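Novice: First, the structure itself, so that you have it in front of you.
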Amino acid sequence: MSLVVIGAQWGDEGKGKITDFLAEGADVVVRYQGGNNAGHTVIANDKKYKLHLIPSGILYDDKLCIIGNGVVIDPKALLDEIEYLKNEGIRVDNKKLLISDRAHVIMPYHKKIDALSEKKRGSKDIGTTGKGIGPCYTDKHERTGIRICDLLNKEVFYERLKTNLEVKNRLIREIYEDEEMNFDEIYNTYIEYAEKLKDFITDTSVVLYDNIKEGKKVLFEGAQGTLLDIDYGTYPYVTSSHPIAGGVCIGSGIGPTMIDRVVGVCKAYTTRVGKGPFPTELFDEIGDYIREKGFEYGTTTGRARRCGWLDLVILKYAARISGLTSLAITKIDTLAGLEKIKVCTGYEFEGRVIENFPASLEDLAKCKPIYEDFDGWDESIQRAKTYEDLPENAKKYLKFIEEYTGVRISIVSVGPERENTIVVGKY
Ligand code: GDP
Ligand code: IMO
Ligand code: MG
């Protein structure tokens, strides 16, 4: 059985929390795209863990975690995360963590170019996390990237780094007018990283296939979200990978027939970090209320997240693009205390109503959200243990989400901890 967990909005929906909750019943947990631009906060054993590259399943002692080929790996970030987890008393060895030999490696020049290109874009910057994600995926698709398997072969790595650095240094010097990077420094450091990581490296597609064939339960943990997808997101204000369910096959090396179900994680409202369009964004005190109450500050960069009402046009879009079989609605507790809650059910565009998310950002800029109003609920929602315990108005809100999207809700999350999770139906 394999289950995919994806973000249905602009990231930070609570994928880490939901993955951690579902991981209890899984054998293998897999990351298939993105890199350490992700920030997944999980509260378990009364501790708060911040994960960036390692699947949220790592907090259990008996799960196998896989970093698939579609992920871009910053070896330093990975080694630091392993160290951090070990210091927290979590075992991390190659019985618990495997890294794909086909994954691409984030190099120091990727991070530098990420920063320099953002600076050059000026007011048109994307607001990236600065982790070198875009430049690394660029090299992958340009077919000049360095893969994990290349790191293991000193001669191959030497050659590839030499060729790459020549071009990158020219770019850095001539286009961005910045300081060149030193070959020996990078080469020596990365050879050291390879030595430290080598025991974790394998053909993870084979491991995954064998596990599925043996009947093991596999959980795929998405990073980012549908509207940050390079194809389906608000391009160019997107990341450079495929967070949608379609990304699972390419990013982990399994066929589509091996995926059974897809859970879309969706906040009870919307947030976005970084630049780009956001039709239901709130610029008033309600937006501030949600930000403070929901502690909407980035796990990776600490930036304040932009907050707004739930946008069902987006959720329906995510449901279609990823073929969602159920929804996990998170942070419904954050909305407690608001008298009225709005939900966007369509956009007014050039005198008509549209319900499909447009491709063109210029069209999107012309869209005005159409809202349906709901009565709010009180703080008692945080204590809810079952669906019946939920306030009536919250149930009405949830029912409306199901009816509009045509996707049933399997999980309602009413707080950040494992215990604050209500299973409504089959996920
Ligand atoms: P991810 O990137 O999708 O894993 O989400 P983040 O971890 O970046 O952001 C979600 C934040 O909300 C984290 O701090 C979680 O601990 C927290 N969280 C998750 N679910 C809930 C919930 O139902 N209620 C509340 N109050 N917090 C939640
Ligand atoms: P998780 O997994 C929210 C955003 C950045 C920026 C854009 C491109 O925690 O949900 P990048 O560094 O990827 O080139 O930045 O994507 N972004 C995220 N926003 N959650 C994330 O991950 C994100 N990862 C990238 O803010 O707008
Ligand atoms: Mg996050």
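Novice: Does G16 count as in a helix (DSSP H, G or I), near ligand 2 (Cβ under 10 Å from one of its atoms) and crowded, with 24+ Cβ neighbours inside 10 Å?
Specialist: yes
Novice: Tell me, which strands (runs of 3 or more DSSP E) wholly within the stretch 326-381 include 3 or more residues that are farther than 18 Å from A394 by Cβ, at pLDDT 95 or above and open to solvent by 20 Å² or more (accessible area, probe 1.4 Å)?
Specialist: Here the list reads 352-354, 368-375.
Novice: Still on this structure: Got at least one residue in the stretch 212-225 being touching a strand residue (DSSP E or B) at 6+ places or on another chain (Cβ under 9 Å), within 16 Å of ligand 3 (Cβ to nearest atom) and over 25 Å from E83 (Cα atoms)?
Specialist: yes
Novice: Exactly one of these conditions fails for D114: (1) over 30 Å from T41 (Cα atoms); (2) touching a helix residue (DSSP H, G or I) at 6+ places or on another chain (Cβ under 6 Å). Give me its number.
Specialist: The single condition D114 does not satisfy is (1).
Novice: Which ones in the stretch 31-56 are within 14 Å of ligand 3 (Cβ to nearest atom) and over 14 Å from the mean Cα position of the chain (by Cα)?
Specialist: Correct list: I43, K48, Y49.
Novice: What's the total number of residues in the stretch 226-267 that are in a helix (DSSP H, G or I) and either of a type in the set (A, V, I, L, M, F, W, C) or in contact (Cβ under 8 Å) with a residue 24 or more places away in the chain (or both)?
Specialist: The number of residues fulfilling the criteria is 10.
Novice: Under 7 Å by Cβ, and 6 or more places apart or on different chains, what pairs join a residue from the stretch 288-302 that is assigned to a loop (DSSP other than H, G, I, E, B) and at pLDDT 95 or above with one that is open to solvent by less than 40 Å² (accessible area, probe 1.4 Å) and more than 11 Å from ligand 2 (Cβ to nearest atom)?
Specialist: G294/T334; E296/I290; E296/C307
Novice: From K140, K131, K216, which residue is basic (K, R) and either open to solvent by 90 Å² or more (accessible area, probe 1.4 Å) or part of a helix (DSSP H, G or I) (or both)?
Specialist: Going through K140, K131, K216 in turn, the sole match is K140.
Each row is one residue, and each column tells you yes or no for (1) acidic (D, E); (2) without any contact (Cβ under 8 Å) to a residue 12 or more places away in the chain; (3) crowded, with 24+ Cβ neighbours inside 10 Å; (4) in contact with a Leu (Cβ under 6 Å, 6 or more places away or on another chain).
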{"site": "G34", "(1), (2), (3), (4)": "no, no, yes, no"}
{"site": "G39", "(1), (2), (3), (4)": "no, no, no, no"}
{"site": "N45", "(1), (2), (3), (4)": "no, no, no, no"}
{"site": "S56", "(1), (2), (3), (4)": "no, no, yes, no"}
{"site": "Y60", "(1), (2), (3), (4)": "no, no, no, no"}
{"site": "G68", "(1), (2), (3), (4)": "no, no, yes, no"}
{"site": "V71", "(1), (2), (3), (4)": "no, no, yes, no"}
{"site": "D74", "(1), (2), (3), (4)": "yes, no, yes, no"}
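Novice: Tell me which residues, restricted to the stretch 382-427, are assigned to a loop (DSSP other than H, G, I, E, B), of a type in the set (V, I, T) and surrounded by fewer than 16 Cβ atoms within 10 Å (Cβ to Cβ).
Specialist: T386
Novice: To continue, here is another question. How many of the residues making up the stretch 167-182 are loosely packed, with under 12 Cβ neighbours inside 10 Å and either of a type in the set (D, E) or touching an Asp or Glu at 6+ places or on another chain (Cβ under 6 Å) (or both)?
Specialist: Residues meeting the conditions: 3.
Novice: Which ones in the stretch 125-147 are of a type in the set (K, R), more than 16 Å from ligand 3 (Cβ to nearest atom) and touching a residue at least 24 places away in the same chain (Cβ under 8 Å)?
Specialist: If the condition is that a residue be of a type in the set (K, R), more than 16 Å from ligand 3 (Cβ to nearest atom) and touching a residue at least 24 places away in the same chain (Cβ under 8 Å), then K140, R147 are the ones that fit.
Novice: Now, a different point. For K196, which of the numbered conditions (1) in a helix (DSSP H, G or I); (2) farther than 30 Å from S56 by Cα; (3) not hydroxyl-bearing (S, T, Y) fails to hold?
Specialist: Going through (1) in a helix (DSSP H, G or I); (2) farther than 30 Å from S56 by Cα; (3) not hydroxyl-bearing (S, T, Y) one by one, K196 breaks only (2).
Novice: Turning to a different aspect of this structure: When only residues in the stretch 252-311 that are at positive phi and touching a helix residue (DSSP H, G or I) at 6+ places or on another chain (Cβ under 9 Å) count, which is nearest to ligand 2 (Cβ to nearest atom)?
Specialist: So the residue we want is G274.
Novice: Yes or no: the stretch 311-324 includes at least one residue that is away from ligand 3 (no atom under 16 Å from the Cβ), open to solvent by 20 Å² or more (accessible area, probe 1.4 Å) and of a type in the set (V, I, T).
Specialist: Scanning the stretch 311-324, I find at least one residue that is away from ligand 3 (no atom under 16 Å from the Cβ), open to solvent by 20 Å² or more (accessible area, probe 1.4 Å) and of a type in the set (V, I, T), so the answer is yes.
Novice: Would you confirm whether any residue within the stretch 311-325 is over 20 Å from the mean Cα position of the chain (by Cα) and in contact (Cβ under 8 Å) with a residue 60 or more places away in the chain?
Specialist: no
Novice: Separate question: Taking only the stretch 277-287 into account, find how many residues are of a type outside the set (A, V, I, L, M, F, W, C), part of a loop (DSSP other than H, G, I, E, B) and open to solvent by 20 Å² or more (accessible area, probe 1.4 Å).
Specialist: Number satisfying all stated conditions: 3.
Novice: Looking only at the stretch 254-276, count how many residues are within 10 Å of ligand 1 (Cβ to nearest atom) and open to solvent by 30 Å² or more (accessible area, probe 1.4 Å).
Specialist: Looking only at that region, the number is 1.
The values are calculated or read from the model by the stated rules, or taken from the named source; none is laboratory data. Keep in mind that this is a model prediction, so the values were computed, not measured. With ideal geometry, Cβ positions are generated from the backbone for all residues, glycine too; neighbour counts draw on all protein chains shown. Ligands, DNA and RNA are excluded from the accessible area calculation, which covers all protein heavy atoms including side chains. Shrake-Rupley method; radii C 1.70, N 1.55, O 1.52, S 1.80 Å.
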